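Trainee: The structure's right below; bear with me while I get my questions together.
The values are calculated or read from the model by the stated rules, or taken from the named source; none is laboratory data. Everything quoted here is computed from the prediction, not taken from an experiment. Here Cβ is always computed from backbone atoms with ideal geometry, including for glycine, and neighbour counts include all displayed protein chains.
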Amino acid sequence: MKRRISAIGKGGLNINLASMLTEYTIDVFRELDENVADEDIYLDEFRDEIDGWVIDAIKAIGIDTAKAVLNAPREMLIEKTDLEEETVDEVIRILKSEFEEEPAAEMEPETEAEPEAEPTTQE
């Protein structure tokens, strides 16, 4: 994993340079190990979903990982980063969605029981 991170470069610099030189669009995808519950993700890896200036504002207050943002009080993020409430809420929504667990397997629909036959009486 460390080798892959250094190949991408800080802030995706190497990817941007390679893209510029080759005139190709290069997409980088994160592969997360589903077995590691405590894994955290650097904010720079969300630059495809969150504007860079927003990430830079959050990093400027010393928060550089997704879980650190999620653990920080919302009001503190708004006050110290000078970001609008809607922007902070959107960042939190994006980061939360990254850590949501897969929904449990859907249960099979219940089958309706056939009504019991009414007893017939003979006259």
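Trainee: Can you name the helices (runs of 4 or more DSSP H) wholly within the stretch 1-59 that have at least 2 residues being modelled with pLDDT under 65?
Mentor: Where helices (runs of 4 or more DSSP H) fall fully within the stretch 1-59 and carry at least 2 residues being modelled with pLDDT under 65, they are 2-8.
Trainee: Considering each residue of the stretch 60-87, count those that are in contact (Cβ under 8 Å) with a residue 12 or more places away in the chain and not in a strand (DSSP E or B), and give that number.
Mentor: Matching residues across the stretch 60-87 total 16.
Trainee: Condition first: outside any loop (DSSP other than H, G, I, E, B) and either over 23 Å from I41 (Cβ atoms) or modelled with pLDDT under 95 (or both). Can you find one or more residues in the stretch 98-116 that meet it?
Mentor: yes
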